[in-house]
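Rule-based calculations on the coordinates, nothing more; no lab input. Bear in mind the structure is a predicted one, so any value in this text is a computation, not a measurement. Reconstructed Cβ throughout: ideal geometry from the backbone, glycine too, with neighbour counts over all protein chains shown.
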Amino acid sequence: MPKIVNHEQKRKSIAHAAWKIIKEEGIEKASIRRVAVEAGMSAGALRHYFSSKDEMLLFIMDYYVEEGKKRSQRKNWSKNPLQAVEEILLELVPIDEEKKIETSVWWIFALRSLISDTLEEKKDEMTNGTYELANSMIEILVLQGFLSDSINVELEKSRLSVLIEGLSIHALLRPDVYSPKKVKEVIHYHLETLCGPEISEGSG
């Protein structure tokens, strides 16, 4: 009887092997040959699942997104809407080792996507996702009555998205300046300027 191969499980094993190399040695070391060795496969067998390094990176990014979703589902979010918004935004910035690795993978992926048609669509999906999340956070603040009528809601959605992206890259490049404490303070202060110090103090 022919052996039944679970292709999805194989793909996950490959992603885990690539993830391990990225965490320990950096994404530049995650070549098809190197990942094949780590996964206990031949390079030829690995190419049955990925025909190029870009396709492999695409799958790793999908894995990274799913891991982030699982982590979010495990968290006990605050019942205070403003505090919950702050907690969700902190999930997007590298304030611990796990998020630092994931954010590093994302930015290296994003840079490579500038010269790769294979990765461009995923890059657009990810950047759109950041804006959509910022959009949702601002909408929550609007619905909960935290924002005044004078606020330009559409501009605030863009400003929040850009703030998160900017903090992510600066926290990676200059952790001596943008420490986890500083990143948290910046996000908290941004929400405070939007909603007012009285409301912000009440969320803690």
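If you average the alpha carbon positions of region 28-72 and of region 174-193, how far apart do those two centres end up, in angstrom? Spelled out, the Cα-based centre of one part sits 33 Å from the other. Helix 97-113 axis versus longest C-alpha principal axis of the chain: approximately 70°, rounded to the nearest ten.
Two decimals is fine: what is log10 I(q)/I(0) at q = 0.10, 0.11 Å⁻¹ for the chain, from a Debye sum with one equal scatterer on every Cα and no solvent? So the normalised log intensities are -0.51, -0.60.
Under the convention that each Lys and Arg Cβ holds +1 and each Asp and Glu Cβ holds -1, the size of the dipole of the chain around its Cα centre is about 1140 debye.
Distance between the 7 Å Cα→Cβ label points at Ile151 and Val177: 2.8 nm. Applying Stokes-Einstein at 25 °C and 0.890 mPa s to the Kirkwood radius of region 32-82, computed over alpha-carbon pairs, gives a translational diffusion coefficient of 186 µm² s⁻¹. For region 111-141, backbone nitrogen atoms closer than 13 Å to the point 7 Å from Glu28 Cα along Cα-to-C-beta are found at no residue. The ratio of the alpha-carbon radius of gyration of region 60-107 to the globular-protein estimate 2.2 N^0.38 Å is 1.19. Angle between the Cα long axis of helix 81-90 and the longest principal axis of the chain, 0 to 90 degrees, nearest 10? The angle comes out near 40 degrees. You can think of it this way: the chain between Lys79 and Thr127 has 14.5 nm of extra reach, that is 0.36 nm per residue less the Cα-Cα gap. Kindly provide the Kirkwood hydrodynamic radius of region 36-131 in Å, to one decimal, from all pairs of distinct alpha carbon atoms. About 15.2 Å, per the Kirkwood formula over Cα pairs. Among the listed pairs Lys75/Lys100; Lys100/Lys181; Lys123/Lys181, those with a Cα-Cα distance over 21 Å are Lys123/Lys181.
Report, in deg cm²/dmol and to the nearest 500, the calculated mean residue ellipticity at 222 nm for the chain, where each DSSP H run with n ≥ 4 adds -39500 (n - 2.57) and the sum is divided by the residue count. Mean residue ellipticity at 222 nm (helix-derived): -24500 deg cm²/dmol. For region 125-176, just say rounded, prolate or oblate: build the C-alpha gyration tensor, square-root its eigenvalues into a ≥ b ≥ c, call rounded for a/c under 1.5, and beyond that prolate if a/b exceeds b/c, oblate if not. Because a/c hits 1.5 or more and a/b exceeds b/c, region 125-176 counts as prolate. FRET efficiency for the Lys20 to Glu139 pair, using the beta carbon distance and R₀ = 45 Å, is estimated at 0.70.
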